[in-house]
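Novice: Quick one: the structure is below, questions incoming.
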Amino acid sequence: MTFKKNILCIGAGYVGGPTMATIAYKCPQYKVTVVDIDSERIAQWNSDNLPIYEPGLDEIVKTTRDRNLFFDTDIKRGVKGSDIIFVSVNTPTKTFGAGAGMAADLQYWEKTARQIREYAQSHKIIVEKSTLPVKTALAMERILTSSDNEISFEVLSNPEFLAEGTAIKDLEYPDRVLIGSRETASGLKARDELVEIYANWVPRERIITSNIWSSELSKLVANAFLAQRISSINSITALCEKTDADIIEVARAVGMDSRLGSKFLDASVGFGGSCFKKDILNLVYLCRHYGLEEVADYWEGIVRINDYQKERFVLKMLSAMFNTLAGKKICLFGFAFKANTGDTRESPAIFIAKRLLEEKAELVITDPKALKNAMMDLYGIHENIRYVEDPYEASAGCDAIAVMTEWELYANLDFEKIYRSMGKPAFIFDGRNILDHTRLFEIGFNVFPIGKPALTHF
Ligand code: UDX
């Protein structure tokens, strides 16, 4: 069968996999190939056990795989046979040299650009999917055009706005699709080709175009604004706990202002995930690079409040439990950075677990999807941690439960049974405000929500 277009994606991660599966699902007329250097990851994509958990993903991969969706390790063949190449390799925060801990590490990304240049034998459209510092497209153009061959490339920016746990829904019904291009004739032509792909299922008015730098910057700014809302509400939780105000009531009152809106105002133990911190630090680094110290400090404050919120949670546990956690058993309910994903990258639970271990507490960690990742995050720490999938078994014999992830299953547990099996006095620290606090108090627990008065029997 011949396909109308050949699409390649380099990078089979949380973005590349679901995005390409959706394109293949919505556009049977295109052939979509996803390549990655990690052969084990590709083998997983080709198996019944996909490397990532995402509601709805299994079904669409099952429908499209080997029909018009292919997973492969042969980058050379992939590049040769493609018209459009999406690049979604990871761009983690640099851990070494200049900009360590802040700037994006572009080594994988640059390697990819060089491979494309080496293997391409005809004109290609290159689509930046990875979140990158502003002006990366320029660097990519320079690498691609620095060879003697006559092949032309057009670089577009098409940032991904999907959130984990709702990736398929976000891809099927996006708020918007953003495509940035050069404003030259060939740039606009390439842009229109990409618009045409998305127009197969996204209403035209939701596909917006801009210059390429605005597109790159919009992604960083969107994530910075989202994280800013969480840090804003989380900063107020500290004040609520001092004043007997209730963060749920405050958030409701604030969020009903239609200028503000109600989403992303759920107070928490802190935000996690692979994007927020990394993208804000990227933005901060960019501002510092241009000498904009005040702007950099302003955005860096979002990350500082997040760190403060996590530390504050540990200190609250410590003071509530009579200023010592040594030898006490604490059960962490959830380890994923949010519900409906097994991903634990930058999860507040990692920080909290390490801090509790420093206080010499014993940990039991439970999570329906993230235990494997939790073990990797805490790799090398063998003492004082157990991993138990069943929350009843995990909490039995513990002195305290700390809710790290808003998994719905935790709200529906039989807490009377749990209370009976725990050491007394029994504590619950609800880092996500998902439990019925009054009920837990009536059962006998000492309850410490976030940003609400504690309910204690002392
Ligand atoms: C985010 C952006 O939402 C997405 O558009 C971008 O493409 C990638 O980064 P993601 O990291 O998957 O997506 O998760 P998100 O749902 O944004 O949650 C991030 C963190 O904030 C989680 O730890 C979550 O639990 C926390 N959060 C979210 C809160 O603490 N309170 C809220 O009200 C919302």
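Novice: Can you tell me which residue among Phe429, Phe335 is within 16 Å of the ligand (Cβ to nearest atom), closer than 21 Å to Pro453 by Cα, in contact (Cβ under 8 Å) with a residue 24 or more places away in the chain and in contact with a helix residue (DSSP H, G or I) (Cβ under 8 Å, 6 or more places away or on another chain)?
Specialist: Going through Phe429, Phe335 in turn, the sole match is Phe429.
Novice: Also, quick follow-up: Mind listing whichever residues of region 206-243 are assigned to a helix (DSSP H, G or I) and more than 16 Å from the ligand (Cβ to nearest atom)?
Specialist: Ile212, Trp213, Ser214, Leu239, Glu241, Lys242, Thr243, listed by residue number.
Novice: Does Lys329 satisfy the criteria of being more than 13 Å from the ligand (Cβ to nearest atom), touching a strand residue (DSSP E or B) at 6+ places or on another chain (Cβ under 7 Å), in contact (Cβ under 8 Å) with a residue 40 or more places away in the chain and of a type outside the set (A, V, I, L, M)?
Specialist: Answer is yes for this residue.
Novice: Does region 183-193 contain at least one residue that is within 16 Å of the ligand (Cβ to nearest atom), surrounded by 19 or more Cβ atoms within 10 Å (Cβ to Cβ) and at pLDDT 95 or above?
Specialist: Checking region 183-193: not a single residue is within 16 Å of the ligand (Cβ to nearest atom), surrounded by 19 or more Cβ atoms within 10 Å (Cβ to Cβ) and at pLDDT 95 or above.
Novice: Among (1) within 14 Å of the ligand (Cβ to nearest atom); (2) in contact with a helix residue (DSSP H, G or I) (Cβ under 7 Å, 6 or more places away or on another chain); (3) of a type in the set (D, E, K, R), there is one condition Arg345 misses while meeting the rest; what is its number?
Specialist: Tallying (1) within 14 Å of the ligand (Cβ to nearest atom); (2) in contact with a helix residue (DSSP H, G or I) (Cβ under 7 Å, 6 or more places away or on another chain); (3) of a type in the set (D, E, K, R), Arg345 fails exactly one: (2).
Novice: Please find, within region 108-130, the residue that is farthest from Glu154 (Cα to Cα) out of those that are surrounded by fewer than 23 Cβ atoms within 10 Å (Cβ to Cβ) and hydroxyl-bearing (Ser, Thr, Tyr).
Specialist: Per the stated criteria, the residue is Tyr108.
Novice: Among the residues of region 152-170, how many are farther than 13 Å from Ile84 by Cα and either of a type in the set (A, V, I, L, M, F, W, C) or away from the ligand (no atom under 16 Å from the Cβ) (or both)?
Specialist: Residues in region 152-170 being farther than 13 Å from Ile84 by Cα and either of a type in the set (A, V, I, L, M, F, W, C) or away from the ligand (no atom under 16 Å from the Cβ) (or both): 5 in total.
Novice: Of all the helices (runs of 4 or more DSSP H) wholly in region 329-436, which have at least 1 residues that are at pLDDT 95 or above, farther than 22 Å from Pro55 by Cα and under 23 Å from the mean Cα position of the chain (by Cα)?
Specialist: So the answer is 348-358, 371-377.
Novice: Quick check: anything in region 171-182 within 16 Å of the ligand (Cβ to nearest atom), among the small types (Gly, Ala, Ser) and touching a strand residue (DSSP E or B) at 6+ places or on another chain (Cβ under 9 Å)?
Specialist: yes
Novice: Please determine whether any residue of region 64-81 is in contact with a Gly (Cβ under 9 Å, 6 or more places away or on another chain), closer than 21 Å to Tyr198 by Cα and among the basic types (Lys, Arg).
Specialist: no
Novice: So, in region 244-280, of the ones that are out of contact with any Lys or Arg (no Cβ under 8 Å at 6 or more places or on another chain) and modelled with pLDDT under 95, which residue ends up nearest to the ligand (Cβ to nearest atom)?
Specialist: Ranking the qualifying residues of region 244-280, first place goes to Cys275.
Novice: Can you tell me which of Val32, Val15 is of a type in the set (A, V, I, L, M, F, W, C) and within 18 Å of the chain's Cα centre (by Cα)?
Specialist: Only one candidate passes the filter, namely Val15.
The values are calculated or read from the model by the stated rules, or taken from the named source; none is laboratory data. The shown structure was predicted, so the numbers you read here are calculated from the model rather than taken from an experiment. So basically every Cβ, Gly included, is an ideal-geometry build from the backbone, and we count neighbours across all protein chains shown.
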